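What follows is one structure encoded as structure tokens, with my remarks underneath.
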Amino acid sequence: MEITSDGGLVATTQGGLAPFALYRPRTLSEARAAMSSAPRPVALYAGGTDFFASVREGLQPASLIWLAGIAELSAAEADADWLTLGSGLSHEEAVRHPALVAVPGLAQAWGRIATVRIRRHATLGGNLMARRPRYELSILLSALCARARLATSTGMLELPVEALWDLDEPALLISVAIPLAGAPRLDYARDLRPLCTQALCLRAPAASRLPERRLAVATEHLRPWITEPAPGAAPEEVFAALPSDFADPAAGRGWLARAGAAQYERQRARLEAEP
């Protein structure tokens, strides 16, 4: 944003960008070297859909690291233990990838995100690292206990996806990995978006150290609240634990608790009815 002569605010545009240094790494090691040496501030660019939104909000990068040439970032694979998804996968590439069958419900949920134009270009990494509450992959992946693997200028880092919200250093998201222990199944309730959106993951009981149930709830203004309901807990009991400050500007805590409980009951019934 820019302040006008009369004290108002106007959005900047990409046409107002000052010259910046451009880096085109072909490998992760080259990307890490660029992150270490590039003039600050550094912008990481893959699909570019969030970059221009950030420019309109005031971003003025001194350097831009173009990531689309790094093949490793577009990989996806599933083995017996993990579904691993590269951060450079676009929404459309991801939902069409056969590896996603390892987590029933994930491709269907992911396929409901964004417009057709955005889906062709926006990437998994851009969606997560933008850390905007209205972006939805954090909800899905947090419910699935996904882990994020990142490269920083000083080394490698691994965090739960929900911890990315609090990351305070420049980092390149390389991939996310979803644990497959307990055969996770996902249900995504988005009908009340933007007021309330939630993802529920169920796993086979006692199949792993992972929670049998994990629920991630968010709104367009609030980052996900994550809880692990006891199998026999009533929906109202689950949402009684909703934090007192979890109150969207358009819907108070009480409404969110009631709506969330109703959605949770339906989500649980759908997942438990599946073979």
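Just a few scattered comments:
- Within segment 144-167, considering residues that are of a type in the set (Ser, Thr, Tyr) and out of contact with any strand residue (DSSP E or B) (no Cβ under 8 Å at 6 or more places or on another chain), the one farthest from Ile65 (Cα to Cα): Thr154
- Yes/no for Ser29 being touching a Gly at 6+ places or on another chain (Cβ under 8 Å), closer than 17 Å to Leu173 by Cβ and either at pLDDT 90 or above or not assigned by TED's automatic domain parsing to the domain that holds Arg119 (or both): no
- Which listed residue, of Ala148, Ala177, Ala163, is farther than 15 Å from Gly86 by Cβ and outside any loop (DSSP other than H, G, I, E, B): Ala163
- Segment 183-212, residues that are charged (D, E, K, R) and exposed (fewer than 15 other Cβ atoms within 10 Å of the Cβ): Asp191, Arg209
- Given (1) part of a helix (DSSP H, G or I); (2) under 23 Å from the mean Cα position of the chain (by Cα), index of the condition Pro229 fails: (1)
- Against the conditions (1) of a type in the set (Phe, Trp, Tyr); (2) over 25 Å from Leu128 (Cα atoms); (3) buried (at least 17 other Cβ atoms within 10 Å of the Cβ), Phe246 satisfies every one except (2).
- Here Leu210, Leu186, Leu200 are screened, and the one residue that is out of contact with any helix residue (DSSP H, G or I) (no Cβ under 6 Å at 6 or more places or on another chain), of a type in the set (A, V, I, L, M) and under 27 Å from Leu89 (Cβ atoms) is Leu210.
- Any chance Leu173 is aliphatic (A, V, I, L, M), at pLDDT 95 or above and touching a Gly at 6+ places or on another chain (Cβ under 7 Å): yes
- Scan of segment 123-161 for residues that are over 12 Å from the mean Cα position of the chain (by Cα) and on the phi < 0 side of the Ramachandran plot, ordered by number: Arg149, Leu150, Ala151, Thr152, Ser153, Thr154, Met156, Leu157, Glu158, Leu159
- Checked against (1) within 14 Å of Leu173 (Cα to Cα); (2) touching a Pro at 6+ places or on another chain (Cβ under 9 Å); (3) charged (D, E, K, R), Arg134 passes all but a single condition, namely (1).
The values are calculated or read from the model by the stated rules, or taken from the named source; none is laboratory data. These figures come from a predicted structure and were not determined experimentally. Please note: Cβ atoms are built from the backbone with ideal geometry, for glycine as well, and neighbour counts cover all protein chains shown.
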